[in-house]
Amino acid sequence: QVQLVESGGGLVQAGGSLRLSCAASGRTSSSYATAWFRPAPGKERELVAAISWSDTTYYADSVKGRFTISRDNAKNTMYLQMNRVRPEDTAVYSCATGSRRTIATRDYEYNYWGQGTQVTVSS
């Protein structure tokens, strides 16, 4: 059974930084694509960033240049470094993975989800 546990959320001022972690258990996460999602108003969840098994990365336009996705294979943990955060980044961030090695942009293509971690950015 694959389990994902996020941590690192909290309250941060606009312009500040935060690092989210997603610890995986049950399999080697580096063999599969893993992603960070957040809710989008009136839409399905928005893909924020993702990393493939070969370390190819994807970023939503809204976070490009500010957020960085990475992973520590020895710890089976993925990270989302959030810099220069904005009030509109406020959301519950969830990590997800599935059976694909390459990045998928839709949330239904991911089978396993963490419980989410709240990020609140104050102006």
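The values are calculated or read from the model by the stated rules, or taken from the named source; none is laboratory data. No experiment lies behind these values; they were computed from the predicted model shown. When the accessible area is computed, the model is the full protein with side chains, heavy atoms only, and any ligands, DNA or RNA have been set aside. Shrake-Rupley method; radii C 1.70, N 1.55, O 1.52, S 1.80 Å.
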- the chain: relative contact order from alpha carbon pairs under 8 Å, six or more residues apart, as a whole percent, is 36
- Item | Accessible heavy-atom area order of Val48, Val2, highest first, probe of 1.4 Å | Val2, Val48
